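Contents: one structure, followed by commentary.
What follows is calculated from the coordinates using simple rules that are stated; it is not laboratory data. Not measured: the values here are computed from a predicted model. Cβ: placed from backbone, ideal geometry, glycine included. Neighbour counts: every protein chain shown.
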Amino acid sequence: HEADAFRTDLMTITRFVLNEQSKYPESRGDFTILLSNIVLGCKFVCSAVNKGEEQKKLDVLSNDVFVKALVSSGRTSVLVSEEDEEATFVESSKRGKYCVVFDPLDGSSNIDCGVSIGTLVLSTGTGVHGFTLDPSLGEFILTHPDIKIPKKGNIYSVNEGNAQNWDGPTTKYVERCKYPKDGSPAKSLRYVGSMVADVHRTLLYGGIFLYPADKKSPNGKLRVLYEVFPMAFLMEQAGGQAFTGKKRALDLVPKKIHERSPIFLGSYDDVEEIKALYAAEE
Ligand code: AHM
Ligand code: MG
């Protein structure tokens, strides 16, 4: 049966990346080795979360595991973690060619109440592919090949508690989500408060995720290197868009490692609408 063939032909994340790698004759497998160490970190986070480690410890533990796994891969030269003030420069005997920037565990305020905090989807520039950890196998298996975000969605996702401090275009956009002028149905609001979970839902169901600038945080909250860039890259690879309020998010050039930026990302048409509102302001 076709279904059985699919169930028994397991596409692990390592097999997937080796397949991709074989398309580039000059590649030497460095990325595959790097990724298998990242995957180890992801498995650790999963097991620690399931054991019910408390939040504080889990952040620190996850960061330690990622840093050690990445250094020991022998494929990295600079590590920049959301958890560490300074970048880590790998000692020369273990140095490789990759620079890795990461947030070891996103949405940590959600840990203690068991709300979702982690997903792993992968893009190496040839679409977005979703892998699910099968705990009995201890392997990430390809479950969502070539994810494409719906062109338009009916969900908006934002922390509305900040509404009193928003700028004009954001206020107008959210108002339109609730009271559409063109006769279309109002959008639904969904906000987990873990960016990984909110963006994951946006990828699969469509819609828009916003973390705008506001009077209290003129640069927004989310960090360019670990939150804005990776999610913007995934969105574009899935056929959506990511906008900062001024420009395409991937055109940002950060000046410091922990820099923040406002972000609007999601379905192509929904992001077009917010872009138009910002353009009208100028
Ligand atoms: P954190 O680094 O404290 O975990 O903050 C990052 C998280 C994101 O996952 C999420 O999108 C955002 O903060 C939610 O912020 P807020 O609570 O202001 O809505
Ligand atoms: Mg984070």
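With each run of n ≥ 4 DSSP H residues scored as -39500 (n - 2.57), what mean residue ellipticity at 222 nm is computed for the chain after dividing by its residue count and rounding to the nearest 500 deg cm²/dmol?
Details: 8 runs with 101 residues, N = 282.
The per-residue figure over the chain is -11500 deg cm²/dmol.
Return a whole-number percent for the relative contact order of the range 142-282, with Cα pairs under 8 Å and 6 or more residues apart as the contact set.
31 percent
Treat each spin label as a single point 7 Å out from the Cα along the C-beta direction, and report the K56 to R28 distance in nm.
4.5 nm
Regarding the range 125-171, what are the three Cα extents along the principal axes, ordered largest first, in Å?
Principal-axis extents of the Cα atoms in the range 125-171, largest first: 49, 25, 21 Å.
Determine the dipole magnitude for the range 189-282: charges of +1 sit on the beta-carbon of Lys and Arg, -1 on that of Asp and Glu, nothing else is charged, the reference point is the Cα centre, and the result goes in debye to the nearest 20. Before the final figure, lay out the partial values.
Values: 13 positive and 12 negative charges, 102 e Å.
Roughly 500 debye, rounded to the nearest 20.
Short version: ³J(HN,Hα) in whole Hz for each residue of the range 101-113, in order, from phi by Karplus 6.51 cos²θ - 1.76 cosθ + 1.60 (θ = phi - 60°), x for Gly and Pro, what are they?
Karplus-based 3J(HN,Hα) across the range 101-113 equals 10, 7, 10, x, 8, 8, x, 5, 5, 8, 4, 5, 9 Hz.
Note down the relative contact order for the range 92-207 as a percent, whole number, built from C-alpha pairs under 8 angstrom at least six residues apart.
The normalised contact order for the range 92-207 reaches 30 percent.
What is the fewest-to-most order of I257, I263 by other Cβ atoms lying within 10 Å of their Cβ?
Ascending number of Cβ neighbours within 10 Å: I257, I263.
What would the Debye formula give as log10 I(q)/I(0) at q = 0.15 Å⁻¹ for the alpha-carbon point model of the range 84-128, no solvent?
For the range 84-128, the Cα-only Debye profile gives -0.68.
On a 0 to 90 degree scale, rounded to 10, what angle separates helix 268-281 from the longest Cα axis of the chain?
Result, in degrees: 50.
In whole Å, what are the extents of the chain along the principal axes defined by its C-alpha atoms, from largest to smallest?
Sorted from largest, the Cα extents of the chain read 57, 53, 42 Å.
For the charge dipole of the range 202-252, defined by +1 on Lys and Arg C-beta atoms and -1 on Asp and Glu C-beta atoms about the Cα centroid, which residue among Y205, F233, G245 has the Cα displaced farthest towards the positive pole?
Working it through, the farthest residue towards the positive pole turns out to be G245.
What ranking do C42, C113, C99 get, fewest neighbouring Cβ atoms within 10 angstrom at the top?
Going from least to most buried by this count: C113, C99, C42.
Which distance in nm do the two modelled labels at K94 and S116 give, with both placed 7 Å along the Cα-to-Cβ direction?
In this crude spin-label approximation the distance works out to 3.4 nm.
So how do E82, E282 line up by other beta-carbon neighbours within 10 Å, fewest first?
E282, E82
Using all alpha carbons of the range 1-104, what is the percent of pairwise distances in each 5 Å bin, ordered from the shortest bin to the longest?
2, 12, 18, 18, 17, 14, 10, 6, 3, 1, 0
Write down the percent of antiparallel bridges among all DSSP beta bridges whose residues are both part of the range 60-196, to the nearest 5. Could you put the intermediate results ahead of the total?
Working: 9 of 17 bridges.
The antiparallel proportion sits near 55 percent.
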